[in-house]
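The values are calculated or read from the model by the stated rules, or taken from the named source; none is laboratory data. Because the structure is a prediction, the values reported are computed rather than measured. A quick note on method: Cβ atoms are made from the backbone with ideal geometry, for glycine too, and the neighbour counts reach across all protein chains shown.
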Ligand code: HEM
């Protein structure tokens, strides 16, 4: 008799992974374009309204669902250690490790973004550059491990969408280096609009906001 049981575990693993990746993509896209002259005016308001932070948190939630659902994966068996310890899994150790490391990077980035008013601007900015590693690791992990990205329309969309974002990231870096050489500010936020910035000490808070507004790489 034919086995008609629906593999819900596998669907949850794949669906949560794809939604999580899409949200991560939107977050990295927002962070990149809101610093680029010409286009940033369309995104600055959204970014400053904490949308960027919020969407990263949603991406983390879906990545966690993806990780937990893998424990119930019927086709490939995963233990908690396989999911939490990089290179512990015997199935595609490197590609799975990139997923685990991405998850930890997401936790660090979301936590530091929500705790931004309690930590120094310099520390936050240094940690925030981990976003680039997170994005690259997630792209490699998803592209080479995923079932749905092996072929078809989804694969084409994935390649083109990530190609565009990688180009924007390169423009962003070139623009930052150029601005630094010319001693010009890189504006990525509207001052006062981000409630995650420190507000408790008005004098220092304002200084931080001004500093943030005139942010250089
Ligand atoms: C908790 C650590 C992680 C582990 C152990 C892990 C493991 C896996 C595995 C085994 C697959 C293949 C699933 C299949 O096709 O049957 C997969 C696919 C995928 N993962 Fe992860 N992953 C992790 C974290 C992440 C993170 C943080 C992201 C980014 C948001 C992510 C995004 C994806 C995507 C987009 C796919 C492809 C889904 C598809 O094409 O069907 N993963 N992951």
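A few points about this structure:
- Some residue of segment 40-56 being within 11 Å of the ligand (Cβ to nearest atom) and buried (at least 17 other Cβ atoms within 10 Å of the Cβ): yes
- Subset of segment 98-109 [more than 7 Å from the ligand (Cβ to nearest atom) and over 13 Å from residue 133 (Cβ atoms)]: 107
- The residues of segment 63-90 that are surrounded by fewer than 13 Cβ atoms within 10 Å (Cβ to Cβ) and either near the ligand (Cβ under 9 Å from one of its atoms) or in contact (Cβ under 8 Å) with a residue 24 or more places away in the chain (or both), listed by number, are 74, 75, 84.
- Each residue in segment 106-145 was checked for being under 14 Å from residue 24 (Cβ atoms) and buried (at least 18 other Cβ atoms within 10 Å of the Cβ), and 12 pass.
- All told, residue 12 falls short of being closer than 16 Å to residue 104 by Cα, more than 12 Å from the chain's Cα centre (by Cα) and modelled with pLDDT of 95 or more.
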